[in-house]
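Quick notes on the structure that follows.
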Amino acid sequence: MRTFKIFFPAFLSIIIFCLCAPALGAQSLEGQPLIDSLLQALPKIKNDSNKVKLLLRTSKAYLPIDPYAAIIYADSSMHFAQQIKWKKGIGMAYMIKATIYVTISDNVDGLENAEEAYKIFKLLNLKPAMANALVEMGNSYEQIGNYPKAIEHNFNAISIYEEAGMDKDIANVYNNIGNDYYWLLDYSKAIENYKKAFELYKKKNDKDGIASALDNIGLVYLEQGDYTKANEYNLQAVKLYEEINDPPQLAVTYSIRGGILQKQKDFISALEFHKKAMAINKKFDIKGGLANNYGSIGEMYLSRAENETVKSVPASFRINKKVLLQNARVYFTEALNLGKETNELSVMMRQASLLSETEELGGNYKAALAWYKKCMLYKDSIFNDENKKKLAALETERLTEVKDKEIQLLNQQKAFETSEVKRQTLIKNIILGSVGAAALLSFLLIWSYNRRRKTRFDKQVMEVEMKALRAQMNPHFIFNSLHSINKYVIENDKENASSYLSKFSNLMRLILENSRQQEVPLEKDLQALELYMQLEALRFRNRFTYIIETDAGIDKENTLIPPLLLQPFVENAILHGIQNKESGLIKVSVHKENEMIKCIVEDNGTGRENIVITEDIGDKKRKSLGIKIINERLNIINKLKKVKAAINIFDLKDADNKPGGLRIELLLPLELAF
């Protein structure tokens, strides 16, 4: 059993590298010699439009090498363009600044500069330049993960390019749209747009573009598991890139080829292409590509160690399990180190997961657990980055809506002022009244718009807050679980260590999966709850039993509830209610009550009265914090859904009217998946 396995898109590192690869050639083709010649020419040129153009060229030349130097020269070009009042030059300066900011991942500034460029080009009716600005806006939206907005701006750019008959630019934009649909997991539309790009590149006999489109189509089929079609398109791309001799891109294509063959269990051919790609990546110091090559070869060694059936095996793979695992470990470690150099968290997370699998297969449970913990740290970092991107996307969209409204109102006002000049003097009083009415109407429109926008934004903030609240996990439970696993390992109790580790990793996976959703099926949440109780029962040497019941009339797969709401109450029952009993019982039941779901957690412990006497200050704080978080989540649910979700707590008495346990009733709205 692969206890620590984390699932990733099959060739994520190849995909990311493939979509970014076309920019790699810029530095080698231009680089420092071009910069030196431009810097020598600058002092000799007059302060006119030619100087602005030269500064823009210098900024562009610096971009692949030193983006911050590129910003300085872009600002200088803006300064001189404003000095000579050259509107087009100002627009061009905004455009290069937009490109630079997107390159350094400052996507909000990138978007603002692209919008300023677009306004100037629209004023001057420079349509191709307007389309370029729209594409740059699309790039900004893509970088912050707002793919629908990116697609919208790219299609607007295509409309302008079509008027100008700029087929190559249209092809490039279709390629961008294909990428956006790919990240949205809409593979059919991704292929549709890549094929449109392919036809236009073919019309222009652009071999580099043709090869790129073929590679992208093959990559989508590879993700879908259609290896026959992936093979067909990839072979065409390999042939073309070999003809045009584009080494960096050829390395990407060879890597994809190796991945396809690896999936088809042809390890001899797969190893050949991975080594070809590795040679190119080493020569051009392409660390992201090298990390992918090392990781892929390591995965082949791991597959052989797991006794997977392989069609053809290289001689170097016909060795014993111990050496196979050692070789896999070496390749995964090298890939991880390269990921650290390039700060690619996705690469680091994948290699840490594979190292965990390798150590577990070799029986090194301590090392396996250590790598698993590192993998989770990397995954948390990626998750936090994704949340930041989503928040940035929301804020960017909000700012864009505000700016669009301001531009609209400004244009309305300008049209009104133009017509005002032409009006006759005799109706001056009527005009003044109309101005007042228009101003009042504008005020009401802005007020109404801002109110609706605030309501939408508040709702989005609430949803984000719910995600943040769901992401919390009791560190004491994790520490105790890891301590128990460590104890089994020290005692060489492999069976219990493996069983506990398997349950623990399954619980962690369920919690991470559930915490990303606003609502999950009841069955899935109860599954996570049962795993938690199994682990606690093991840790407390089976001093308590539990029952989980659900009404027959409830469809557990179709009924949705917010995740991880019941766990804190079960934890409280274990730690404070029945911890000191030898025959504790926890009963969890779920009932349907009108249009609500009632979840009940009941124990036969000491009740609230005795808890106050025995618990320490730290436990009180943690308990009160757990209740506070659940109340906050219920408040958000009530605000969003206009319901009355609530918690009710009842003290239970035994036959002698003494405290005999606690009953928690959690009332939630009934939600169905379909």
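Structure values in brief
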read-out: Point-to-point label distance, VAL108-LEU184, nm (Cα→Cβ direction, 7 Å offset); value: 2.5
read-out: Accessible area, probe 1.4 Å, largest first, for residues HIS591, HIS153; value: HIS591, HIS153
read-out: Solvent accessible area, Å² - ARG663, 1.4 Å probe, full protein context; value: 60
read-out: Additional length obtainable on full extension of the chain from VAL330 to ARG663, 0.36 nm per residue less Cα span; value: 114.4 nm
read-out: For ILE244, solvent-accessible area (1.4 Å; no DNA, RNA or ligand), Å²; value: 60
read-out: Loop-located trypsin sites (Lys or Arg not before Pro) in region 180-275, at most 14 other Cβ atoms within 10 Å (DSSP); value: LYS204
read-out: Alpha carbon centroid spacing (whole Å) that separates region 642-659 from region 135-161; value: 55
read-out: Span from the region 480-539 Cα centroid across to the region 205-235 one, whole angstrom; value: 41
read-out: Listed residue pairs exceeding 26 Å between alpha carbons, taken from LYS263/LYS321; LYS276/LYS340; LYS283/LYS373; LYS229/LYS322; LYS322/LYS379; LYS524/LYS592; value: LYS283/LYS373; LYS229/LYS322; LYS322/LYS379
read-out: Candidate residues PHE674, PHE273, PHE569: accessible-area rank, largest first, probe 1.4 Å; value: PHE674, PHE273, PHE569
read-out: Qualifying GluC sites (Glu not before Pro) in region 299-346, DSSP loop, other Cβ atoms within 10 Å at most 16; value: GLU306, GLU308
read-out: Simple label model, 7 Å out from Cα along Cβ direction - GLN82 to GLU243, nm; value: 5.0
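The values are calculated or read from the model by the stated rules, or taken from the named source; none is laboratory data. For clarity, every value in this text was computed on a predicted model and none was experimentally measured. Neighbour counts run over all protein chains shown; Cβ positions are idealised from the backbone, glycine included. For accessibility, only protein heavy atoms count, side chains too; no ligands or nucleic acids. Shrake-Rupley method; radii C 1.70, N 1.55, O 1.52, S 1.80 Å.
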